Amino acid sequence: MKRTYYNLIFILAFLFLANPANSQTYGQNGMVVSDHYLASEVGVEILKKGGNAIDAAVATAFALAVTHPEAGNIGGGGFIVFHKENGEVTTFDFREKAPLAASPTMFLDENGRIKDNSNHQGLLSVGVPGTVAGLYQAHQKYGKLSWSELVKPSVELAKKGFTMSWGLYRAALRMTDRDPSEDIMQNFFKGDDGEVVKPGNTWKQPALAKTLKEIQKHGRDGFYKGWVAEEIEAYMKANGGIITQEDLAKYEAVERNPVTTTFNEFEIFSMPPPSSGGVALIEMMNLMEAADISSVEFNSTAYVHLVAEAMRRAFADRAEFLGDPDFNPEMPVGKLTSKEFAKTRFENLDLSKASVSDSSKYGQLYGGDHTTHFSVVDKEGNAISMTYTLENSYGVKMGSSKLGFIFNNEMGDFNPIPGVTTSTGLIGSNPNLVAPEKRMLSSMTPTIVSKDGKPYLIIGSPGGRTIINTVFQTVLNVLAYDMRIDRAIEAMKIHHQWLPDRIIYEHNLLSPDTRKALEKMGHNLRPTTNLGVLMGITYDPELGTWVGAADSSSEDGGARGY
Ligand code: GLY
């Protein structure tokens with residue numbers, strides 16, 4: 001008996017070591033992979049109840065607004081790419097909009113300089129939130145279960161609370177000692193005793209529970225009308241913001257066609273403008289196909305050079321051409337995503353030498369690095385790739401304590417100074433200047449790859465402008481290098497964004513010899529610890545099952561299948 005017991009312990013220990021956290025999770029009937037395991041569990045429970053991928057995505061998104069408040073939100077915006085089981089693909093754009101009182105020079109002082117970092121800090125930086133409208137619209141059109149059933153788990157999570165993790169506690173400590181004017185953060189993570197809730201203890205959000213309850217009862221109107229909208233306007237007025245009840249009432253999410261291309265036998269679908277992510281991803285995948293990347297060894301000097309040169313070109317095009325399609329009807333999206341264009345874009349590529357980014361043209365792009373992505377698939381094969389954000393971690397770090405949620409600071413994604421583009425930081429091109437009711441350009445890249453009309457890879461990431469490149473490389477790792485999903489997510493990533501003209505690389509994952517060889521070619525390299533927090537699902541045709549993986553850099557992330 002004793003021997004059997006020891007054998008069991010040994011087997012369990014072996015299994016634990018052989019299956020480290022954040023490797024692969026299997027699910028024959030469906031899967032949710034998100035930045036918080038509780039939100040993934042909420043989504044899977046909805047699938048088990050007979051909900052489809054849209055239902056699970058709505059429930060997961062609301063749950064992340066409770067469990068992952070640095071980026072999960074009802075005060076921000078985002079995008080859904082939806083691959084239906086019949087092979088059709090559509091998208092929902094619920095990107096924030098500039099308020100009616102916004103103008104192209106709203107952030108500038110009398111000398112034409114940005115005043116007090118006001119495009120990133122304070123309530124002028126808040127865009128009209130889109131998340132609730134987007135989720136509601138997607139549910140109205142494609143959901144199966146009732147709206148109330150989908151919002152209920154997040155009401156419960158906020159009301160009854162959930163266990164404070166070490167990851168969340170770390171953020172709580174950083175956020176609590178802030179400027180007292182940023183009222184919501186002062187008490188955000190505190191319990192009834194006025195102390196920050198310790199790891200292992202239950203953290204409750206009663207004000208958020210009340211707001212979510214209103215949304216549960218009244219749908220979209222629970223946020224954009226009634227007492228929630230009144231309180232948003234009152235809070236804005238009292239603290240220097242310009243969003244009004246009229247802005248809220250006028251907000252509409254938009255269903256749009258995806259941008260798409262093929263890569264070998266695969267079809268790739270991603271988010272069109274106002275996200276730049278899909279266009280840039282597709283331009284780079286087309287470039288990789290033209291360069292026959294599969295024949296180039298992964299992580300070699302030639303690989304990093306080719307990938308970085310593709311990024312340089314795609315980001316230059318992003319800066320020059322992309323913005324809100326409703327304000328830029330002439331945007332050349334078709335051209336930028338065509339295979340012919342990709343061929344011309346590599347014409348001046350020198351395989352032995354780095355190109356030079358032209359600093360007289362387009363420059364650094366914006367984007368906070370705290371966004372969150374999740375991927376969902378249901379048993380019929382409907383798939384959702386959803387990325388949403390508050391822009392920076394905890395957005396603008398302001399909000400009404402009566403409402404319990406934090407506002408975004410997404411206005412910082414607009415070009416702040418008309419006509420001023422510099423090599424060190426700014427873009428002033430027209431497509432992405434501020435205008436009333438305009439959506440700011442995004443880098444979010446929720447993506448679905450299909451094979452024979454069925455979802456094959458569902459992927460996305462946070463990371464500001466690095467999102468585009470981490471999603472691009474993960475797609476490439478799966479499609480061109482045949483990596484399994486967890487390895488594709490963890491594999492070495494680089495980031496180049498045209499200007500500043502440099503490659504950022506994950507320093508423990510690129511060999512020093514390769515770095516030196518790249519420097520000899522004229523590349524400028526900078527190390528970083530991590531790029532991307534990817535959440536992905538693939539289909540394993542041999543096993544006939546879904547395989548999910550959450551990036552190991554997500555403190556509380558988790559893949560849940562059933
Ligand atoms: N806020 C990050 C992005 O939309 O790109």
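Please treat every number below as a calculation from the coordinates, not as lab data. The model shown is predicted, which means the values in this text are computed figures rather than measured ones. So basically every Cβ, Gly included, is an ideal-geometry build from the backbone, and we count neighbours across all protein chains shown.
Under Stokes-Einstein, with the Kirkwood radius over Cα pairs standing in for Rh, what whole-number D in µm²/s applies to segment 150-223 at 4 °C and 1.567 mPa s? Result for D is 98 µm²/s.
Positive end of the dipole of the chain (Cβ unit charges, origin at the Cα centre): among Gly130, His36, Phe374, the Cα lying farthest that way belongs to His36. Across the chain, the longest run free of exposed loop sites, meaning GluC sites (Glu not before Pro) lying outside DSSP classes H, G, I, E and B with no more than 11 other Cβ atoms within 10 Å, spans 348-541.
Taking a 28 Å limit on the Cα-Cα distance, which of the listed pairs Lys48/Lys217; Lys144/Lys454; Lys97/Lys159; Lys141/Lys225; Lys49/Lys84 fall beyond it?
Numbers: Lys48/Lys217 23 Å; Lys144/Lys454 21 Å; Lys97/Lys159 30 Å; Lys141/Lys225 21 Å; Lys49/Lys84 19 Å.
Beyond 28 Å between Cα atoms: Lys97/Lys159.
For segment 247-308, relative contact order (Cα pairs under 8 Å, six or more residues apart, normalised by length) works out to 21 percent.
Per-residue ellipticity at 222 nm, computed for the chain from helices alone with -39500 (n - 2.57) per DSSP H run of at least four residues, works out to -10500 deg cm²/dmol. Just the number, please: Stokes-Einstein D of segment 259-298 in µm²/s, Kirkwood Rh from C-alpha pairs, 20 °C, 1.002 mPa s. Here the translational diffusion coefficient equals 201 µm²/s. Annotation: amide H-H contacts under 5 Å for Ser275 (H modelled 1.01 Å from N, sequence separation of 5 or more, or interchain): Ser442.
Listed by chain and number, the lysines placed with their C-alpha closer than 19 angstrom to that of Lys493 are Lys516; residues fewer than eight positions away on the same chain are left out. For Thr261, the residues 5 or more places off, or on other chains, whose built amide H falls under 5 Å of its own are Ile268.
Each Lys and Arg contributes +1 and each Asp and Glu -1, all at the Cβ; summed about the Cα centre of the chain, the dipole is approximately 860 debye.
Can you tell me the dipole magnitude for segment 152-302 around its Cα centre, using point charges on the Cβ only (Lys, Arg +1; Asp, Glu -1), in Debye to the nearest 20?
On the way: 17 positive and 23 negative charges, 180 e Å.
Roughly 860 debye for segment 152-302.
3J(HN,Hα) along segment 278-284: x, 4, 5, 4, 5, 4, 5 Hz, from the Karplus curve 6.51 cos²θ - 1.76 cosθ + 1.60 with θ = phi - 60°, whole Hz, x for Gly and Pro. Which Cα, out of Asn430, Ala316, Gly78, lies furthest along the positive dipole direction of the chain (beta carbon charges, K/R +1, D/E -1)? The residue sitting farthest along the positive end of the dipole is Gly78. For segment 102-115, 3J(HN,Hα) computed residue by residue from phi via the Karplus equation (6.51, -1.76, 1.60; θ = phi - 60°) reads 6, 8, x, 10, 5, 9, 9, 8, 5, 9, x, 9, 5, 8 Hz, glycine and proline entered as x. Residue-wise HN-Hα couplings along segment 464-477, as the Karplus relation 6.51 cos²θ - 1.76 cosθ + 1.60 with θ = phi - 60° gives them from phi, are x, 5, 6, 3, 4, 6, 6, 5, 3, 5, 5, 4, 4, 4 Hz; Gly and Pro carry x.
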